[in-house]
1. With a Cα-only, solvent-free Debye model of the protein assembly as shown, what are the log10 I(q)/I(0) values at q = 0.05, 0.07, 0.09 Å⁻¹?
2. Count the net charge of all other residues whose Cβ sits under 13 Å from the Cβ of B:Ala109, scoring Lys and Arg as +1 and Asp and Glu as -1.
3. Could you work out, residue by residue across C:86-96, how many beta carbons of other chains sit within 10 Å of that residue's beta carbon, and then give the average as an integer?
4. Could you pull out every one of the lysines with an alpha carbon less than 16 Å from that of A:Lys148, ignoring same-chain neighbours closer than 8 positions?
5. Before we go on, tell me the buried accessible area for the A/B pair, both chains summed, 1.4 Å probe, in Å² to the nearest 100.
6. Before rounding to the nearest 500, sum -39500 (n - 2.57) across all DSSP H runs of length at least 4 in the protein assembly as shown and divide by the residue total; then give [θ] at 222 nm in deg cm²/dmol.
7. Give the long-range amide H neighbours of B:Tyr168: residues separated by 5 or more places, or on another chain, with amide H under 5 Å away, using H modelled in the peptide plane at 1.01 Å from N.
8. Under the rule of at least 5 residues apart or a separate chain, name every residue whose amide H is placed under 5 Å from the amide H of B:Ile122.
Amino acid sequence: MAWFDDLLFTYQNLAVALGVNGLLALSMYVVLAVGQLSLGQAAFMGLGAYSSALMSLQLGWPFWAVLPLSCVVPVLFALAVGGPTLRLNGVYLAIATIGLGEVLRGVYLNVDVLGGAMGLSGIPEAAPLWLIYAMLALAVLVLWQVGKSGIGRAMEAMRLDETAALSMGVNIRRYRLATLCASAVLAGLAGALSAHSTDFIGPNDFGFEPAVTILSFALLGGIGSPFAPVLGAWLLTLLPEVLRPLADVRLVMNGAVIVVAVLFLPRGLLAWRMPRHVRPGRAA
Amino acid sequence: MLKRRTLAAAALAALLLPMAASAADPVPLGAVEVLTGPTAAYGTAAKAGLDLALEAINGKGVLGGRKLSLTVEDSAGTKDGAINAMRKLIGRDKVVALIGPTLSNEMFAAGPVANARGIPTIGTSTTANGITDIGPFIFRTAMPEADVIPVTMRKAAARGAKTIALMYANDDAFSKSGFEVMQKAAATAGLQIVATESFASKDTDFSAQLTKIKALKPDAIGISALVEPVSGVLLQARQLGFGAETQFVGGNGSNSPKLAAIAGAAAEGMLVGSPWFVAKPDAANQAFVAAFQSKYGKAPDQFAAQAYDTLFILAEAIDRAGEADPAKIRDALTKTEHTGALGPFRFGENRSPAATEGVVVLELHDGAFRIAP
Amino acid sequence: MLAQQLLNGLLLGATYALFALGFTLMFGVLRVVNLTYGFYFTAGAFLALWLTQAGAPLFLALPAAAIASGLIATLLDWLLLTRLRRAGADELASLMVTLGAVLALYAGMTAWLGPDIRRLPPGLIAAGALEAFGLRITLAQILILAACALLVGLLLWLMRGTRLGLAIRAMAERPDTAALMGIATARLAALVSFVSGALAGAGGVLIGLNFNAIHPYMGESMMLRGFVVIVVGGLGNIFGALVAGLLLGIIEVLTAGYISSGLKEAVAFALLVLVLWTRPAGLFGTTLARKA
């Protein structure tokens, strides 16, 4: 089975990236599902990656303890900035969250224990591939169940018409903060898993460009169900590798594929919406 | 359905099974360079050097007539791109040795992959501190900045500088590590550091930092960054009134013909340490420069020269190893001696260049580098 | 030194404002997060580069490059967005399509022209600096300040003082109602794209001239600051973009000059977040282009 080992070796990083990007797409999906253009996912991911890397490198803790704790810092950050930030809408929210990400990047660059521009290296490669996919499957399952429940209906209502949702008694502020925290958990996990499968993290992995890339995962896939953003992430992760033989025009083709896909499928590749049965007597 | 699946599996297996290497098969080598994206200029220069060397080497071949086959993969300048390219070259193309990646950041991310797999990997332009600490299979022909910058600083001090201000890009591993070297080297050379200022690699405005430095009137300014921001700093320094009385000193990033192309007259007088320069008179270098000129119609830069020599060094190591086996090539590399465009070369204890006597200090004069008088 | 630092900040701020003028117009009026905007900036700089290399003087190359960039912007808007507009797709779809397009455009340009930095021909504009009261300023910088002031004035006049501006503002506010009132919204959208693209192109020429570095990704590296400026200034608000641009420039320079150059981004972005926390629609934001 030597050839299988080689196959696994060749595509191991890609396999990790598919899993991690799937989680990031879901992290984007939960905020888009309530109609918020919040772009803090790369920042949350960075917090998860840096805090977990420090726990492994400085404190020498085992990975099974590090992984659940990697969500703590992103969630605390979400809770700290959530109040004033979530009053914003649309592009204003997008820019505020990007701004928070840039502030964090400035912190990584200027604090010595975080490695500055050199980043942190020598992180143990402790995250097995199966665990990444197990987390992804678990996340899809949980989001699917939540989506089908009354909470999911309330979220859908918020996305379509906030005023109507409000008048129906949906506590919008609570929902917004809860989804931001859920988004932070998913991105934090993704950060810890990715840091513990590539040995090295640096401040530029979590800036403006990654934030836009994560948004594009969810937008290309669609937000009708938790499967759609994962599909979008997988397509955008695979595309540059599939197009590799095209050499210097591969990024051109990459962009062109996105343009064509959106022009003809503006609601995402997987526009199918998950079923939501309205059950009498269970108001949100 | 079943049939189709078996067929597909068979086809896949055929693609992936290593074919029994016969004595006539080419020796598979790989290179990872930045060929697309904003930093593509460095990788493209290296690739040009590699292609030129490949033609020359394949004229007679290695291991008694086997040719080298060199697959160059693009990293797009990103960490993930470099890792994917390296894994593809090792896992699918079954390369026995690697050249690259172009940028120090990429090497920090992708180097561990090759090292863990036991594939010797030679960086040709990765000058940051700690590159070869990644592991025993990681080499570099790039002269680390720690060996070059002290020579440059001594030159600046010899020219009468007493005080220096340092500027660097703080969001890039190569620039930051070069800055740390500059700090140490300036102190050793007896220069007093009066200010330390940073900027981001993509910045175009450096007026605030330069205005601050100007008020301190240092004799010299050291800049550690890639050539694009360095040129920006120089252009703006002239706008703000820095004249010939201020000695500008650059790191490896400034060692490029692009410095004069972008900064023009603003770069006049800048000092740069280099393991190589285009007008070096020895025969091997002149032959390289002439061959490069006739193939590409332009003068080579340091990145092309280092890549060019590296492929020759690798080819000689393969001959010395006696077979295309990664571990044997690794051991052979440590014993290989080669005289090429960079002059006489061998690897030292830490798999970086052994000798630093070859370092020359260049000065930009009338739009071209010359040996600093 | 403070005076020179303030001047540095003012000049940096003027480049941000110059970049953001067309962006805020495109964004505020067409209600599209159009990520291709940075490409028109690059295109303008390259067009001027080719024209001046062919011997054209700056005063001809600048308007020609601006007009050509405007035409490219109109064409791309038509190619990418008409279909989505007609289908009534939400703004996220248009954001995504422009993202794909801009990836392809930059990559295509790099594949075609190479990633190298180019310079405008030397001697195109006097390089020496004027010195007065201990302050130094170059001709290119004076040109940027003047262009910034002139363009802001022109745009304010266009939006507030003409019937065309009234129609544009009507469209920004309520596209459906404007169409019902007999405003040819499709043609007006094309015109706004043209003006925005031309502004971007002119910005590219002037900023390329000042920093003397023209390369395919030059527009891309301005986008993050561009977003900050138009959001802090209020979407579609021309005057707001000017003030926000100048403020951002001055804050960055003063942070670098008096606190630490390593913190200049972090401080600028922290202030951005604080502004939005206290004024959720930016400093001058009401909604869209009502105030122009």
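1. Rounded to two decimals, the profile gives -0.29, -0.59, -0.99.
2. -3
3. Across the residues of C:86-96, the mean count of other-chain Cβ atoms within 10 Å is 5.
4. Within the straight-line cut-off, A:Lys148 pairs with nothing.
5. By this definition, chains A and B bury close to 2700 Å².
6. One gets -20000 deg cm²/dmol as the mean residue ellipticity at 222 nm.
7. For B:Tyr168, whose amide H was placed from the backbone, the distant partners under 5 Å are B:Glu197, B:Ser198, B:Phe199, B:Ser224.
8. Those qualifying (amide H under 5 Å, at least 5 residues apart or on another chain) are B:Leu98, B:Ile99, B:Gly100, B:Phe139.
The values are calculated or read from the model by the stated rules, or taken from the named source; none is laboratory data. Predicted model, so just to flag it, every value in this text is computed and none were measured. Cβ coordinates were reconstructed from backbone atoms using ideal geometry, including for glycine residues, and neighbour counts include every protein chain displayed. What goes into the accessible areas is simple: the full protein's heavy atoms, side chains included, and nothing from ligands, DNA or RNA. Shrake-Rupley method; radii C 1.70, N 1.55, O 1.52, S 1.80 Å.
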